[in-house]
Each structure stands twice: as structure tokens, then as C-alpha cells.
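For reference, the structure is listed below as C-alpha cells.
The values are calculated or read from the model by the stated rules, or taken from the named source; none is laboratory data. Keep in mind that this is a model prediction, so the values were computed, not measured. Glycine also receives a Cβ, built like all others from the backbone with ideal geometry; neighbour counts cover every protein chain displayed. Please note that ligands, DNA and RNA were not included when accessible areas were found on the heavy atoms of the full protein model with its side chains. Shrake-Rupley method; radii C 1.70, N 1.55, O 1.52, S 1.80 Å.
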Amino acid sequence: MSWPTQYRSSKFRHVYGQAASKDKCYDCVPITHNVHDNNFCAVNPCFVAVVTECAGGGTFLVIPIKQTGKLNPKYPKICGHKGHVLDIKWNPFNDFVIASCSEDATIKIWDIPKHLLVENITSPKKELRGHTRRVGLIEWHPTADNILFSAGYDYKIMIWNLDIMDAVISKPVKILDAHKDVVLSMSFNIDGSLLATACRDRKIRVLDPRTGTVVQETNYKYHKVNKVVFLGNVKKLFSTGTSGWNNRQIALWDQNDLSVPLLEEDLDGSSGLLIPFYDSDTHMLYVVGRGDRNIRYYEISPEKPYLNYLTEYRSLLPHKGVGVMPKRGLEVSACEIFRFYRLIPTKSLIEPVSMIVPRRSGSYQEDIYPLTTGAQPALTALEWLEGANKGPVLVSLRPGTEGMNCSTHFLEPEPLMNTTDLSQHEGWGERMSAEDMAKPSGSELEVEEKMLENEQVHLSSGSEVFECPPPETESELLQMFYQQRDEIDRLRKIINQRDIQIKQLELQLKNVYSDIEH
């Protein structure tokens with residue numbers, strides 16, 4: 001182990017992991033039994049998505065982040081693939097768009113509704129067809145909007161432009177065919193100008209994704225790589241794999257020289273795949289092993305020894321995979337710097353684990369929360385394809401600043417009915433000029449403002465009904481039914497009042513025109 005030196009100072013030396021209580025976990029989730037080397041879980045500030053076990057085809061669940069506790073066995077699923085789902089990834093710039101890939105050799109893009117799911121979603125927004133064999137990996141570009149990368153068992157990486165309006169896209173904008181075997185891992189540098197890959201032929205490659213040129217390639221025979229990740233702000237690569245003796249191994253590489261690793265270290269003799277996660281804000285590196293009960297974490301430094309072991313989080317139950325919450329979804333008031341969502345199939349449980357810096361003060365700690373990647377793209381898809389490079393748009397995590405919430409409002413109620421268009425009323429457009437429409441009287445303005453205030457109050461109270469978790473018992477179902485019925489009655493009264501007001505205005509206009517004619 002790379003134990004920290006005695007005199008090395010660090011703000012993160014005493015970081016500890018804290019598992020959520022049982023009522024804050026997601027219980028009764030049918031986690032997939034697939035043995036593919038992926039996490040099977042994706043998280044954003046609005047939803048937790050997890051690949052599930054099913055008979056025939058492939059499905060996954062999208063659970064609202066606040067809907068913890070036991071999951072209804074009949075909870076709606078996202079089911080449209082003909083084979084097992086192998087990977088899912090949220091769009092980093094839209095919290096209501098998710099991509100999935102499958103053994104059926106397709107990638108599908110799904111729109112998740114802003115209201116609570118009431119039925120299965122079977123029709124994707126877009127379908128990408130180009131691979132000839134199953135697709136095992138997908139990655140969104142970190143700074144360009146609507147650019148998606150996919151890696152299949154046909155040894156090819158394909159780049160897709162989702163700005164194309166077609167519902168079915170059969171031709172990618174670029175195909176990278178520099179690999180001679182299956183691609184096991186993909187990772188971008190900070191601005192997305194370089195792509196690092198780990199391949200089953202034991203090699204790490206750094207490519208220019210727009211040209212397909214291999215910039216760097218390893219020929220090191222003593223490290224069989226499985227996963228690789230860019231340590232972008234220190235210009236290094238970190239990889240996990242196995243040694244010649246089949247021990248689990250980690251290695252650190254210079255981004256500009258992949259001939260020999262800067263650091264190589266055997267961890268243990270377990271067989272589970274090691275998956276690295278890097279936090280560029282804190283320079284902390286987390287290593288999670290499939291089937292392990294622990295999460296190791298390190299701190300990266302630009303000088304030797306480069307990799308400083310901190311400690312590890314331990315649990316009684318092994319995890320199959322993990323999802324990671326983006327920084328803008330963390331609880332900064334609790335000094336939370338990272339959050340995992342552990343998949344525990346033996347208990348059908350998703351358990352959040354928060355990595356916390358111990359601080360006495362409950363106020364915002366600016367020194368551990370630098371500006372971080374937000375939810376706005378730095379480039380359009382066309383700009384990136386034409387050769388532009390730009391770093392991510394940074395936001396502050398301070399409460400109350402922009403960029404903290406979901407990219408759009410979370411879980412809006414499903415629309416009940418369309419509002420009446422005033423221009424559709426009989427005789428309205430024929431007798432009223434544009435000038436008259438632009439000059440309402442003072443009394444009419446007061447009535448309009450009161451109506452709007454009442455409408456906002458009613459709608460805000462009604463949205464609370466729709467944001468509640470689905471009922472699990474008969475009494476809860478009846479309670480929600482009566483609440484929704486009352487809300488519908490209130491909305492009908494608002495519409496009736498609007499209709500009466502419209503008729504009154506029409507009568508006033510008739511009187512005015514009749515006076516003018518006489």
C-alpha cells in the first residue's frame with residue numbers, strides 16, 4: 001500500500017464513508033444477474049437508474065431520487081431492448097435523458113417524463129443502429145452537447161451526433177477502428193479532446209477521437225489492463241487490471257509517455273474487477289471492486305509518490321456495482337464530497353454511501369468545494385465536430401447559486417387539460433382590434449392578478465399530490481384518489497371563472513360597439 005508519509009498535510013486525510021439508514025435506501029429492487037463488466041447503475045440529481053433482471057429482452061428502472069424505501073413490484077420499467085441491457089448513462093446536460101446499450105447491437109435514447117411514471121416506456125426517443133455485434137459501453141462527451149460514444153464487440157468505437165432529427169440513425173459521424181479486440185473501458189480528458197481506452201489485447205491507447213489517430217499506446221507486458229481513467233488535471237492515467245500472477249493490480253501512467261508505468265502496485269489475489277473513479281475537484285481517487293465489501297480511496301499528488309493511500313470504507317455486504325452522484329447533487333451542508341450508490345443483489349438493495357470530510361461547522365466549506373462541472377454544455381455538437389475544444393462550464397456549489405438543481409424542474413405533475421385559447425371564442429377576433437386588446441382597464445387588471453394568484457396557489461398545492469411516492473396500501477390509494485379529485489374540482493372552478501370573465505368582457509365589448517354605431 002502507498003501509505004501517507006508522516007508529515008504530509010491534507011484536508012482529506014480523515015475522510016470517512018457513511019452508509020444511509022435503511023429508510024434512505026432503495027429496497028426490493030430486482031438487480032440484474034448479468035456478469036458483464038459494468039456498473040449497471042447511473043445516477044443524477046433527479047433519478048437513480050438501475051438495470052434489472054427480467055425474462056426476455058432487457059429492462060431498467062428509473063427511480064426518483066427521493067423515492068426511497070420499498071419499491072412497488074409493479075413499478076413501471078423502461079423496456080424496449082430485445083437483449084440484455086449492458087450499460088446505461090445519463091446525459092450530463094439533461095437530467096431527463098438517458099442512453100442504454102444492449103446485446104441486441106443497438107443504442108437507445110430515452111426521454112424520461114417530468115411527471116411520475118404510470119406505465120412502462122417502450123418507445124425510445126432515438127435508436128442508433130451501426131454495430132454488428134452487441135454494444136458493451138457508452139459514454140457521453142464531457143463538454144459537447146448530444147455527442148455519444150459507443151463501443152461494441154465488433155472492435156469498433158462509433159461517434160453519434162444526436163442533433164440529427166431522424167428517430168433511427170444508422171450512420172455514425174465517425175468510426176474508430178484502431179482496436180484489435182474488445183474495448184473494455186473509455187475515458188475522456190477534461191475538455192474531451194483525447195480519449196483513453198483499455199482493450200482486451202492488454203493495451204492502453206490514447207486517441208484523438210475526431211481523427212481516430214492513436215497518440216499514445218502501451219507495449220508493457222506485465223500489466224493486463226481492464227479499466228482506465230484520465231486524471232485530467234494532473235496529466236496522468238490510472239489503470240486497474242491484473243499482474244502476471246493474476247493478482248489485482250493498479251498502475252499510474254504519464255499521459256505523454258506510456259512506455260513504462262510511473263507506479264505499479266499489487267493489491268490482493270481476489271478475482272473481482274477493479275473500477276476506478278476520479279474526483280478532479282479534490283484530487284481523490286476511489287477504487288471499487290466488484291464483489292468486494294470495501295471501497296479504497298487515495299489522494300493524487302503531482303510529485304512522487306503520486307498516489308497516497310488514505311483509508312477504505314468497509315461494509316458487511318458485497319456490492320455488484322456502483323453508481324456515482326454528480327457533484328451538483330451532493331449535500332454540501334454535511335461536507336459530503338462524493339456519493340456512491342452500491343448495488344447489493346443479495347438483499348435487492350441500493351445503498352447510498354456518502355464520503356464526508358469531518359468538520360465541526362455546518363456552514364458552506366469553500367475550501368473543499370471549488371468550482372465544479374455544471375449542467376451546461378460548453379460546445380454544440382457541430383462546434384466539436386468541426387474541431388473546437390473547450391473546458392467544461394464551471395459552477396459553484398454554494399447553496400442558492402445557479403446550476404445547483406436539475407437541468408429542469410423535478411417531477412412536474414402530468415398535465416390534466418389544455419387551457420382555453422381566448423381567440424377561439426365566437427366573435428372575439430372579429431370585433432376586437434389589437435389596440436383594444438393591449439389596453440385592459442384597471443379593474444380588469446386587478447381581477448386578472450387575483451385570478452393568477454389563486455391559480456398559482458392551487459397548482460402548487462396540486463403538484464404536491466403528484467410528487468408523492470406511489471401508494472402501497474389501499475388506504476394510501478384512496479387518500480391520493482380523494483386528493484386528486486379535489487384538485488380536479490379546484491381546476492374546474494378556475495376554468496369556469498375564466499369562462500364567466502370572458503363572457504362578461506364580450507358583453508362589455510358588444511355594448512361599446514353598439515353605443516358607437518348609434
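Of all residues in region 145-154, how many are surrounded by 20 or more Cβ atoms within 10 Å (Cβ to Cβ) and in a loop (DSSP other than H, G, I, E, B)?
Adding up the residues that qualify gives 2.
Every residue, every condition in (1) surrounded by fewer than 20 Cβ atoms within 10 Å (Cβ to Cβ); (2) touching a strand residue (DSSP E or B) at 6+ places or on another chain (Cβ under 8 Å); (3) assigned to a loop (DSSP other than H, G, I, E, B), yes or no:
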site	(1), (2), (3)
14	yes, no, yes
36	yes, yes, yes
42	no, yes, no
55	yes, no, yes
83	yes, yes, yes
87	no, yes, no
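Got a sec? Which of 151, 144 is touching a Gly at 6+ places or on another chain (Cβ under 7 Å), in contact (Cβ under 8 Å) with a residue 60 or more places away in the chain and aliphatic (A, V, I, L, M)?
144
Quick one: which residue in 252, 207 is farther than 16 Å from residue 157 by Cβ, at pLDDT 95 or above and open to solvent by less than 30 Å² (accessible area, probe 1.4 Å)?
252
Going by what's in this entry, would residue 286 be described as over 25 Å from residue 26 (Cα atoms), open to solvent by less than 20 Å² (accessible area, probe 1.4 Å) and in contact with a Lys or Arg (Cβ under 9 Å, 6 or more places away or on another chain)?
No.
Say we look at region 293-309 and pick out the residues that are part of a strand (DSSP E or B) and polar (S, T, N, Q); which of these is surrounded by the most Cβ atoms within 10 Å (Cβ to Cβ)?
Once the filter is applied, the top-ranked residue is 308.
Could you grab the pairs with beta carbons closer than 8 Å, sequence gap of 6+ or different chains, first residue in region 195-216 and on the phi > 0 side of the Ramachandran plot and of a type in the set (Gly, Ala, Ser), second one open to solvent by 60 Å² or more (accessible area, probe 1.4 Å) and assigned to a strand (DSSP E or B)?
Partner pairs satisfying both residue conditions: 212/174; 212/175.
Quickly run through region 163-178 and pick out the residues that are assigned to a loop (DSSP other than H, G, I, E, B) and surrounded by fewer than 20 Cβ atoms within 10 Å (Cβ to Cβ).
Matches in region 163-178: 163, 164, 165, 166, 167, 170, 171, 173, 177, 178.
Here are some conditions: (1) outside any strand (DSSP E or B); (2) under 16 Å from the mean Cα position of the chain (by Cα); (3) at pLDDT 95 or above. Residue 66 meets all but one. Which one does it not meet?
Looking at each condition in turn, residue 66 falls short on (3).
State the number of residues belonging to region 154-193 that are without any contact (Cβ under 8 Å) to a residue 40 or more places away in the chain and in contact with a Phe, Trp or Tyr (Cβ under 8 Å, 6 or more places away or on another chain).
5
If I ask for residues that are open to solvent by 70 Å² or more (accessible area, probe 1.4 Å) and either at pLDDT 95 or above or closer than 15 Å to residue 191 by Cβ (or both), which ones from region 387-405 would you list?
389, 390, 394
Count, please, the residues in region 16-34 that happen to be in a loop (DSSP other than H, G, I, E, B) and within 21 Å of residue 272 (Cα to Cα).
Selection size over region 16-34: 3.
With the structure loaded, tell me whether residue 61 is in a strand (DSSP E or B), modelled with pLDDT of 95 or more and in contact with a Gly (Cβ under 7 Å, 6 or more places away or on another chain) or whether it fails that test.
no
Report whether or not residue 351 is in contact with a Lys or Arg (Cβ under 8 Å, 6 or more places away or on another chain) and farther than 16 Å from residue 142 by Cβ.
For residue 351, the condition - in contact with a Lys or Arg (Cβ under 8 Å, 6 or more places away or on another chain) and farther than 16 Å from residue 142 by Cβ - is met.
I'd like the full set of residues that are outside any strand (DSSP E or B), open to solvent by less than 30 Å² (accessible area, probe 1.4 Å) and of a type in the set (A, V, I, L, M, F, W, C), limited to region 310-333.
Within region 310-333, 325, 330, 332 meet the criteria.
Of the residues that sit in region 44-53 and are more than 12 Å from residue 79 (Cβ to Cβ) and either open to solvent by 20 Å² or more (accessible area, probe 1.4 Å) or assigned to a strand (DSSP E or B) (or both), which one is modelled with the lowest pLDDT?
In this case the residue turns out to be 53.
Quick one: how many residues across region 238-275 are of a type outside the set (Gly, Ala, Ser) and not in a strand (DSSP E or B)?
Total meeting the criteria: 10.
Determine the pairs where a residue that is at pLDDT 80 or above, located within region 476-495, has a partner that is among the β-branched types (Val, Ile, Thr) and open to solvent by 100 Å² or more (accessible area, probe 1.4 Å) with Cβ atoms under 7 Å apart, the partner being 6 or more residues away or on another chain.
none
Scan region 99-114 and tell me whether some residue there is in contact with a Cys (Cβ under 6 Å, 6 or more places away or on another chain) and crowded, with 22+ Cβ neighbours inside 10 Å.
Yes, region 99-114 contains at least one residue that is in contact with a Cys (Cβ under 6 Å, 6 or more places away or on another chain) and crowded, with 22+ Cβ neighbours inside 10 Å.
For region 334-361, enumerate the residues that are hydroxyl-bearing (Ser, Thr, Tyr) and open to solvent by less than 10 Å² (accessible area, probe 1.4 Å).
Answer for region 334-361, where residues must be hydroxyl-bearing (Ser, Thr, Tyr) and open to solvent by less than 10 Å² (accessible area, probe 1.4 Å): just 341.
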